[in-house]
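The values are calculated or read from the model by the stated rules, or taken from the named source; none is laboratory data. Since the model is a prediction, treat every value here as computed from it, not as a measurement. Every residue, glycine as well, gets a Cβ built from its backbone with ideal geometry; the counts of neighbours run over all protein chains shown.
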Amino acid sequence: MNRFENALAAAKQNDAFAGSIGTLSEKTLHSVLKYYLEPCDDFHEVAVGRYVADIMRDGCITEIQTRSFNRLRDKLAAFLKDYPVTVVFPIAKTRWYYVTDSESGEVSEKKKSPRRGSVYDAFKELYKIKMLLGSENLYFHFVLLEITEYRRTVRKSRRNHKGVELVERIPNAIEEEVFLDGKEDFQKLIPEGLPDTFTSKDFAKAIKRPRSLAQTALNVLESVGTVKRIGKDGSRAYVYKINDK
């Protein structure tokens with residue numbers, strides 16, 4: 001049994017799966033990652049000042065954030081004053097899903113989503129803590145996973161129109177891991193194939209993501225000194241180049 005399988009088994013044994021579907025808490029994903037990163041639960045949920053760290057061992061803190069980094073901002077700012085902190089962010093690289101009809105209880109067949117997750121999806125969250133990215137105590141660990149999503153229909157209008165909401169995500173396997181050990185490591189997030197100078201349109205094409213995300217990514221990368229803005233092109237789009245320092 002490998003390390004990830006051990007983490008799945010430990011999470012099940014500690015009742016992370018019990019009652020999890022339908023809670024909207026993502027406690028299964030959180031628990032599996034916690035046991036993957038630190039198998040000994042003596043180091044889980046450790047009080048540090050007025051907050052509780054997901055993992056604390058040997059004076060280092062690990063925080064697993066499965067959703068919005070907005071929720072992490074104050075806690076992270078407090079921890080970074082005194083401790084090195086690694087923020088772990090899971091990304092669904094491969095998605096399978098089931099949809100439950102909330103009225104009939106009928107469950108769809110398992111389907112595979114055409115959408116593929118990427119480490120570049122983390123930029124939406126990094127932007128929310130941009131003011132903290134310069135800290136020498138801050139590190140990142142992006143875990144790209146194969147995940148099964150459980151979704152359910154919800155009534156969106158009085159005309160009986162139904163939408164779908166995400167209920168829970170269960171990790172199946174780890175496909176890739178990316179580590180950023182300080183702001184210099186943001187260089188790892190520069191895609192191959194960029195010209196010497198480039199716009200957000202060029203960046204979007206290189207990362208195969210919408211231009212809006214590319215603009216957010218470049219905002220973050222500029223804030224940590226990975227790229228610099230050098231002017232505008234003929235269409236008045238900002239032009240960037242990689243900062244060689």
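Determine, yes or no, whether Glu136 is assigned by TED's automatic domain parsing to the domain that holds Arg73, surrounded by fewer than 14 Cβ atoms within 10 Å (Cβ to Cβ) and either free of Cβ contacts under 8 Å to residues at least 40 places away in the same chain or out of contact with any strand residue (DSSP E or B) (no Cβ under 7 Å at 6 or more places or on another chain) (or both).
yes
Regarding Gly182, is this residue at positive phi and assigned by TED's automatic domain parsing to the domain that holds Leu76?
yes
Yes/no per residue for (1) closer than 20 Å to Glu136 by Cβ; (2) within 20 Å of the chain's Cα centre (by Cα):
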{"residue": "Glu63", "(1), (2)": "yes, yes"}
{"residue": "Tyr83", "(1), (2)": "yes, no"}
{"residue": "Thr86", "(1), (2)": "yes, yes"}
{"residue": "Arg115", "(1), (2)": "no, yes"}
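Just to be sure before I move on: is Leu213 surrounded by 15 or more Cβ atoms within 10 Å (Cβ to Cβ), in contact with a strand residue (DSSP E or B) (Cβ under 9 Å, 6 or more places away or on another chain) and closer than 25 Å to Met131 by Cα in the structure I sent?
Details: surrounded by 15 or more Cβ atoms within 10 Å (Cβ to Cβ): yes; in contact with a strand residue (DSSP E or B) (Cβ under 9 Å, 6 or more places away or on another chain): no; closer than 25 Å to Met131 by Cα: yes.
Considered against the rule, which asks whether it is surrounded by 15 or more Cβ atoms within 10 Å (Cβ to Cβ), in contact with a strand residue (DSSP E or B) (Cβ under 9 Å, 6 or more places away or on another chain) and closer than 25 Å to Met131 by Cα, Leu213 comes out as no.
Just name the residue that is surrounded by the most Cβ atoms within 10 Å (Cβ to Cβ) out of those in region 26-41 that are among the hydroxyl-bearing types (Ser, Thr, Tyr) and under 17 Å from the mean Cα position of the chain (by Cα).
Taking region 26-41 as the starting set, the residues that turn out to be among the hydroxyl-bearing types (Ser, Thr, Tyr) are 28, 31, 35-36.
Retained after the next criterion (residues that are under 17 Å from the mean Cα position of the chain (by Cα)): 28, 31, 36.
On the way: Thr28: 23, Ser31: 25, Tyr36: 21.
Checked region 26-41; the qualifying residue surrounded by the most Cβ atoms within 10 Å (Cβ to Cβ) is Ser31.
Which residue is nearest to Glu177 (Cα to Cα), if the candidates are limited to region 84-110 and must be of a type in the set (Phe, Trp, Tyr) and either outside any strand (DSSP E or B) or modelled with pLDDT of 95 or more (or both)?
Start the filter on region 84-110 by keeping residues that are of a type in the set (Phe, Trp, Tyr), which leaves 89, 96-98.
Next cut, either outside any strand (DSSP E or B) or modelled with pLDDT of 95 or more (or both) only: 89, 96.
Numbers: Phe89: 10, Trp96: 20 Å.
Ranking the qualifying residues of region 84-110, first place goes to Phe89.
Which residues, taken from region 120-133, are buried (at least 20 other Cβ atoms within 10 Å of the Cβ) and either among the aliphatic types (A, V, I, L, M) or assigned to a strand (DSSP E or B) (or both)?
Once the filter is applied, which keeps residues that are buried (at least 20 other Cβ atoms within 10 Å of the Cβ) and either among the aliphatic types (A, V, I, L, M) or assigned to a strand (DSSP E or B) (or both), region 120-133 yields Ala122, Leu126.
Give the residue that is surrounded by the most Cβ atoms within 10 Å (Cβ to Cβ), with candidates limited to residues of region 101-119 that are within 20 Å of Glu175 (Cα to Cα) and among the small types (Gly, Ala, Ser).
Filtering first and then ranking leaves Gly117.
Yes/no per residue for (1) among the hydroxyl-bearing types (Ser, Thr, Tyr); (2) in contact (Cβ under 8 Å) with a residue 60 or more places away in the chain; (3) part of a strand (DSSP E or B):
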| residue | (1), (2), (3) |
| --- | --- |
| Pro195 | no, no, no |
| Lys205 | no, no, no |
| Arg209 | no, yes, no |
| Ser212 | yes, no, no |
| Glu222 | no, no, no |
| Gly225 | no, no, no |
| Gly234 | no, no, no |
